[in-house]
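In what follows, a structure is listed as structure tokens, so that the remarks can point back to it.
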Amino acid sequence: QASSRAETPEQQDSLQKKKSAGIRATKQEYVEEAEEHHRPLCCTCTDAFLKGDCCGCWRWLKQQFHTFITNPFFDLVIIICIIVSTIFTAMEHYPMMEEFMETLVIAELVFRVIFAAEMIIKLVALGLHGYFQVRWHIFDFILVIISLVQLGLADVEGLSLLHSFLPVSITSPSLSSSSS
């Protein structure tokens, strides 16, 4: 206490300011600490939903799917499906025999299931955030959704325009989309 009495008024002012700043720093640290405790919960929810990092079994499934989609054979199969689907779409003509039309309808349904499965597998493997970072994935997502909506609205007249967008997926370079 003797040393604090010997200080000049300027030094006492400076000491008082430091003490005030120390209290503010403590409050600031308290706020930052509170934010840090809140932030992980928020980030955990975001990671769990957008990135798919919620539990051990989900991470295991995600890793298995990621290994599956990064295999070049997966891309080759999808490219072949796109080409064959386009060929089947180009085979439609008028008039068609009933058996041939049924074959085309079944083939179209099979390809829709394959492309929807590809989308779901990639969504699981990459998470929502990772999947929608690649423009080709967004394009494929839109095509699959249009395809599924068209399937749901198959009995509604005047929606044949939607069908013309589906062969566009052949321009989607699946090989480069999974490696991005």
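List of remarks:
- Summing charges over neighbours of Phe115, with a neighbour being any other residue whose Cβ is under 12 Å away from its Cβ, gives -1 when K and R count +1 and D and E count -1.
- Fully extended contour minus Cα-Cα distance, from Ile80 to Ile138, at 0.36 nm per residue: 18.9 nm
- R0 of 41 Å, Cβ-Cβ distance Thr103-His129: FRET efficiency to nearest 0.05: 0.55
- What the phi angles of the stretch 57-71 give under the Karplus curve with 6.51, -1.76 and 1.60, with θ = phi - 60°, is a coupling list of 5, 5, 5, 5, 4, 4, 5, 4, 5, 5, 4, 5, 6, 8, 6 Hz, glycine and proline written as x.
- Sequence of Tyr94, Tyr131 once ranked by neighbouring C-beta atoms within 10 Å, starting from the fewest: Tyr94, Tyr131
- Model label points for Asp155 and Cys57, set 7 angstrom from Cα along the Cα-to-Cβ axis, are 3.8 nm apart.
- Residue order for His93, His137, fewest other beta carbons within 10 angstrom first, comes to His93, His137.
- Potential extension, Ala116-Ile87 segment - 0.36 nm per residue separation minus Cα distance: 8.5 nm
Values in this text are rule-based calculations from the coordinates and carry no lab data. Bear in mind that the values here come from a model prediction, so they are computed numbers and not experimental data. Neighbour counts are summed over all protein chains in view; Cβ atoms, including those assigned to glycine, are modelled from backbone coordinates with ideal geometry.
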